[in-house]
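Here's the structure, in structure tokens; my notes come after.
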Amino acid sequence: MNSFTKKNNCFSLIRTLIVFVLLFSIFSCANLKHNYLGKTKRDPSISQLSEQQLSQLDIIRKHLDFQTDSLLLTLSAKNLKNCHLSASEINKLYSNFRVQLDFDRILNSILQTGRTKKNSLTALQRYAGAYLLKSASVYDQMYQKNRKIRRALNRGDIGSKIPRNILQKSRKFLYSPKIRKKISRYNEKSQNTLADSLLHQLPATNYWREAYYSIYRQNDRISALLYNIFPYAGNSLFGKVGNRITNRVRQRKYAIQLLSVIQPYDILLSKSSGHLSSIVIPGHFGHASLWLGDKVPQKRKRILDVILKERSTRFKIKKKGMAEALRCGVQLSSLEEYADAEEFIILRPDTLSNNQKYSIVENTMKHLHKKYDFNFDIESPDMINCTELIYLSYDFIDWKVRYFMGRFTLFPDDLLITALSSDKLKIVALLKNGDLMLNPDPAYLKAMMK
């Protein structure tokens, strides 16, 4: 009787699993028209592409995939040696992935025009759908095996237009049998040999495999939960304790003194005993930022107004040309708003080329409005702290990175340590309690940090 009961329980469990898989396959969110990219801006000219143009597009994409794969091999080797990723490698990784997604968005826009129901796909839509499946297969082979990079890219990046959970969604799209069947069906008007060749290159799938990849995520859920604890706790703590009454007169005075020395693309370190960052962040200095210049365009300001007022010192210190990461996120501040501290160090990159200047501005602007990174993880730019902004913007400098609490990070003092040992950075001035010291003695700065 007991064995009979056990058999019934076993069969009942199997039936429950089968029903679960069937229900999962029926109500799965994988959709051809709104795939892992979601809605894409329509481009009418794309619907007129020929098969030859599509083939040329595929050649360019293969070259990009090859470059990215070579980069990932280098990054994987660094992970095995427990070495940090350089800023240029991080920027290259995210820019390459953005271009890969931009290729997908071109073809995804084809699916946004017209119907994608049974036997209604055109030849171009069949190719677009098959190409997106192939792209998802490339991402599956390329990014999924590297845990650190997979988790970082799944966090998304608004500066690089990378949606959250993009690799998770692309894998679900790849292993959806429903999507495969829809693209495989065609009538005489939708026949396309290119689409058929792409479908044959995909890995095999079924409903069991789709369910498996949707449920099993290699502990990424736990990692994401732990990763978000520090930003939540940091925002709560800084939100309650971080505000204080500021001395506007002193800020204006310090801003005018700084304005007499600083130049565009200078890096500024500051120390303020009145801020919580001076207690939380190890070292002497607690904040870092970069000066883009008083001629950075402001929102809702006409160019004529800027030209008429740019001679005014008061206007210059109120112009929002200071890029910094604060508790409220990455933003542009005025020099007067920034000068809420007692000590300042000015670092200046030596002999910047025009390409490097363009790179600094471009790298800085794509991080605007991101949240503050209380994880202090320089290898994941979905959120940015003050030193991480410098690290990624000046990616041609070999910064003195340290390993701290299970991650690679960079503190404001590390920027000064880098300047003391690098020929690419000059220490221009030290402003301390209103006293301006040009070309400060390195020995004095080292003693000050100790």
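The values are calculated or read from the model by the stated rules, or taken from the named source; none is laboratory data. All values derive from a computational prediction rather than experimental measurement. Cβ placement follows ideal geometry from the backbone for every residue including glycine, while neighbour counts extend to all protein chains displayed. Accessible surface areas use protein heavy atoms only, side chains included; no ligands, DNA or RNA. Shrake-Rupley method; radii C 1.70, N 1.55, O 1.52, S 1.80 Å.
Numbers for the structure displayed
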| quantity | calculated |
| --- | --- |
| Selection count, the range 352-377, where residues are closer than 28 Å to residue 432 by Cβ and either of a type in the set (A, V, I, L, M) or out of contact with any Cys (no Cβ under 9 Å at 6 or more places or on another chain) (or both) | 4 |
| Filtered residues of the range 37-67 (kept if touching a Leu at 6+ places or on another chain (Cβ under 9 Å) and modelled with pLDDT of 70 or more) | 37, 40, 54, 55, 57, 58 |
| Residue within the range 117-127 that is open to solvent by 10 Å² or more (accessible area, probe 1.4 Å) and either without any contact (Cβ under 8 Å) to a residue 40 or more places away in the chain or within 15 Å of the chain's Cα centre (by Cα) (or both) present | yes |
| Pairs, first more than 14 Å from residue 412 (Cβ to Cβ) in the range 322-348, second in a helix (DSSP H, G or I) and of a type in the set (D, E, K, R), C-beta under 7 Å, six or more apart | 334/318; 336/252; 336/318 |
| Hits in the range 256-270 (condition: part of a strand (DSSP E or B), modelled with pLDDT under 95 and surrounded by fewer than 22 Cβ atoms within 10 Å (Cβ to Cβ)) | none |
| Breaking point among (1) surrounded by fewer than 20 Cβ atoms within 10 Å (Cβ to Cβ); (2) part of a helix (DSSP H, G or I), for residue 144 | (2) |
| Residue check for residue 173: in a helix (DSSP H, G or I), under 30 Å from residue 381 (Cα atoms), at pLDDT 80 or above and among the aromatic types (Phe, Trp, Tyr) | yes |
| Total residues in the range 398-442, condition touching a Pro at 6+ places or on another chain (Cβ under 7 Å) and within 22 Å of residue 370 (Cβ to Cβ) | 1 |
| Residue 186 at pLDDT below 85, within 18 Å of residue 137 (Cα to Cα) and open to solvent by 60 Å² or more (accessible area, probe 1.4 Å) | no |
| Hits in the range 78-135 (condition: modelled with pLDDT of 90 or more, of a type in the set (A, V, I, L, M, F, W, C) and over 26 Å from residue 367 (Cβ atoms)) | 130, 132, 133 |
| Any hit, the range 403-426, residues being under 22 Å from residue 149 (Cα atoms), in a loop (DSSP other than H, G, I, E, B) and either among the polar types (S, T, N, Q) or open to solvent by 10 Å² or more (accessible area, probe 1.4 Å) (or both) | yes |
| Residue among 244, 300, 248, 314 that alone is modelled with pLDDT of 70 or more, open to solvent by 70 Å² or more (accessible area, probe 1.4 Å), more than 29 Å from residue 147 (Cβ to Cβ) and not aromatic (Phe, Trp, Tyr) | 248 |
| Any hit, the range 363-384, residues being in a loop (DSSP other than H, G, I, E, B), polar (S, T, N, Q) and closer than 18 Å to residue 269 by Cα | no |
| Residues of the range 361-403 classified as under 17 Å from residue 333 (Cβ atoms) and in contact with a Ser or Thr (Cβ under 6 Å, 6 or more places away or on another chain), total | 2 |
| Filter pass, residue 86 being in contact (Cβ under 8 Å) with a residue 24 or more places away in the chain and either basic (Lys, Arg) or under 20 Å from residue 58 (Cβ atoms) (or both) | no |
| Count of the range 57-109 residues which are farther than 26 Å from residue 31 by Cα, open to solvent by less than 30 Å² (accessible area, probe 1.4 Å) and aliphatic (A, V, I, L, M) | 8 |
